[in-house]
Every structure is written in C-alpha cells, then in structure tokens.
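This report concerns only the one structure given below.
The values are calculated or read from the model by the stated rules, or taken from the named source; none is laboratory data. The shown structure was predicted, so the numbers you read here are calculated from the model rather than taken from an experiment. Virtual Cβ from ideal backbone geometry, glycine too; neighbours counted across all protein chains shown.
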C-alpha cells in the first residue's frame, strides 16, 4: 500500500468515531423529546456507546494480534453497519441505547486496528507524524459530520441520521475489503491464551511510556467529550442556537482540530515529542482557564465559550497523535493489545464524564465550562511532568 493510501484508510477508520458522535449530536434534543425520555437517558445513548467501544477493544486487540488486522476490520465494520441500521428503527429509547452500545462495540475494531496499523508499519516518531495525518482526515470528517447531521435532523428526522451512519460504515467496509492489505507481519498464536494475555496487559500497563502517553490521550479526550456530550443542550437549549448554527459551531471546532494536527507535524520535526507536547499544554491550560474564568465572571455567550474551546481543540490536535502513537510505540509485537488498552482507558474516562454530566446538567453553562477547565489542568500537568520525565529517561538511556 502506498503512503497516501494508508493515510486515506486511517482517516476512514479513525473518522468513524467522530462520525458516530458528531453526526448524532444535532438530533439528540429532538430524539429525547420524541421518545419522551429524560436527559439522563439521552446521555446514556452516548455513554453506553463509548463504554462498549472501550471495553470491546480489550477483546478486538488480542484477536487482531492473533488473526491479523484485516479480518477484524471486516467483521467489525459489518457488525457496525447492521447495528446502525437496527438503531435507526429502534421502537423505544431502551432499544436505541442497546443498539448504540452494539455500534460502539463494533466501532472498537475499526479504531483499535487503525492505531495498531500505524505501529505495524512505522517507528514511534514517524508513527506520530503519520497518525497526525490520519487524524487530520478525522478532523475533515468531523467538519462534515455536524453540519450534515444538523441538515438531516432539520429536513428529515433522527431516523435519517442513524441510517446515514449505516451507509457510511457500509462504504468504509467496501473500501477496506477492496484496498486494504494485511499489515501484521507475524501473527501471535498465543495472543488469546489467558496467561499470555494477562502477562501482556501487565507488561503494557507497567511501562512508563504507556502510562505517560495514555494519561495524556485520556485526559485530552475526556476534555473533548465534556464538550461533545453537553454542547447540544447548552448551545441549543441554553444559548438558543438553531441546529444549523450548532452544526457550524462544530464545524469550527473541527477546523481548529485540523490546525492542531498540522501544527503537530511541524513541531515534531523541529522540537521532538516532549517539547511539542509541553508547548501544546500551554495552549490547553490557557484555553481551559479562559473558558472557566469567563463563565465564573458571568460571561455566558458564544464569544466567551467558543474562542477558548477552539484553542483547546488546537492543543487536542497535538496531544492525540502524540499520545496514541506514544502509548503503542514500545510494543511492536503486541500493538493490538496496547492499542486496545489505550482506547479502553479513553472510553472509560468518557463514560465517567457522560455519567457525571447526566446528573449535573442544570440548565446553565457551568457543567461544560468547569469540566473543560478541570481536564485542561490535568492535560497540562501530564504534559509537563509524566511525558517530560519519560522522555528525559529515554534520552539518558540512549
């Protein structure tokens, strides 16, 4: 496969995650009203999806180390397509939650394999640059997702939004079946043995590189998910935006994220991983402090929320490629398992954030702004301590 094809396929696989959430968000308030459901139930359609997404990777990872990336991708994308179609015709909120969880479990195969593929083909530093290119593609997909979801929800209904997810997954399945070639050079016949699996997970969880970069990517994703899970209610119901305007807001956040991934590639060449992440930590902490501080001062408007959040997304565009590739980098023979654990931790944090928001949404901007502020502090501290200490130890050993 050519480098351009690899980036294209990575973009499709990684982009399935924002497509599954961002396309859906503009329809969430109307869907909640249509079923006569509570806000906590509405949040559960997202948090159940993400919990299933995280847990499923613990199984998909070893399976991909045993059987290869290609069969896992084909099985996972086929299951996602069926679950998306079933969710579009869910007769109740309970059934919708069930099918959304099934989507999340199937989506785990696509995203986990994408991270493992990068490690199959590239050394850690080059892997961070390639991952940033794939995440640029993810940002482009995210740019299109929210406006498309808003248009479908406005002109049709939420059923059409979920049908669109099924069509996108079916298209990705066709492309993978047509163009993707196996990247795992040597399958591990012992990958599914319980004893081997436990030892592998323990080895990964104890590794300083995995700890540092997984904490970074987890905190960064938790900050993003705080905004994703609360933004449709805050911006539409509290600040009075239309669904079309909300779609434009999400489009802008995706553009900021794309800018961050481009900045990441430039900085990695000049500064290396540690200094790049440290600099991005300054952006992130500045963004979170501005957002939280302005809200505490009583400024509750788009102009007090969006510019700081867009700055947060620039930092997110640096932290995610460095965090995801850095966590998997030391494990070329167990890239699937390492990718799975990294993904599981991110989704576990997202589930916790979603559960907290389901209980904390009070008709104000406070849960959104305070949540992003909290995670910004965590991101900056991780970037300036764990990542720096790990990179210093690595340099000393060399």
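For the reader, a short list of remarks on this structure follows.
- Residue count for region 88-125, restricted to those that are within 21 Å of residue 64 (Cβ to Cβ) and more than 21 Å from the chain's Cα centre (by Cα): 3
- The condition of being touching a residue at least 24 places away in the same chain (Cβ under 8 Å), outside any helix (DSSP H, G or I) and touching a helix residue (DSSP H, G or I) at 6+ places or on another chain (Cβ under 6 Å) holds for only one of 192, 163, 138, that being 192.
- Residues within region 59-91 that are farther than 15 Å from residue 110 by Cβ and part of a helix (DSSP H, G or I), tallied: 8
- Exclusive hit being in contact with a helix residue (DSSP H, G or I) (Cβ under 7 Å, 6 or more places away or on another chain), at pLDDT 90 or above and part of a helix (DSSP H, G or I), set 348, 305, 311: 311
- Subset of region 173-189 (residues that are touching a helix residue (DSSP H, G or I) at 6+ places or on another chain (Cβ under 8 Å) and part of a helix (DSSP H, G or I)): 173, 175, 176, 177, 179
- Within this structure, residue 199 fails the test of being over 29 Å from residue 282 (Cα atoms) and at pLDDT below 85.
- Of the candidates 116, 170, the single residue that is buried (at least 18 other Cβ atoms within 10 Å of the Cβ) and either assigned to a helix (DSSP H, G or I) or on the phi > 0 side of the Ramachandran plot (or both) is 116.
- Among the residues of this structure, residue 61 counts as one that is surrounded by 24 or more Cβ atoms within 10 Å (Cβ to Cβ), at pLDDT below 85 and farther than 16 Å from residue 101 by Cα.
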